[in-house]
Amino acid sequence: MLLARGRFIFILSGHGGTPKLTKKSKASKSSRLSRDRRRKHRHWQVTVYYQDGEKFARVYIDRERAERFAERQKKSPVVKATRILEVD
């Protein structure tokens, strides 16, 4: 059985238990878009290929930083190639 008193709803069980207290939910004033908490940035993976066959990867959220890291790694004589990929 439900019993409403102001902003509270009492749920009364039929087997003599104590009433449970729950609050009524208020109508949402903000839009669903403003409450979206998913990430709002992209990820860039820099893969460095070495001459001995080894690989190394690092992920950045800023493309400019990823490019600077790739350029810096290319200056090394043991680096064969670098690649920048956008990842999820």
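The values are calculated or read from the model by the stated rules, or taken from the named source; none is laboratory data. Predicted model only: the values in this text are computed from it and were never measured. Cβ coordinates were reconstructed from backbone atoms using ideal geometry, including for glycine residues, and neighbour counts include every protein chain displayed.
Laid out as a table, the results:
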quantity: Meets criteria (aliphatic (A, V, I, L, M) and modelled with pLDDT under 90) for ALA27; calculated: yes
quantity: When residues of the range 57-87 are limited to those that are assigned to a helix (DSSP H, G or I) and charged (D, E, K, R), the one farthest from HIS41 (Cα to Cα); calculated: LYS74
quantity: Any hit, the range 59-68, residues being hydrophobic (A, V, I, L, M, F, W, C), farther than 16 Å from ASP88 by Cβ and at pLDDT below 95; calculated: no
quantity: Positions within the range 37-64 being free of Cβ contacts under 8 Å to residues at least 12 places away in the same chain and surrounded by 11 or more Cβ atoms within 10 Å (Cβ to Cβ), in sequence order; calculated: PHE56
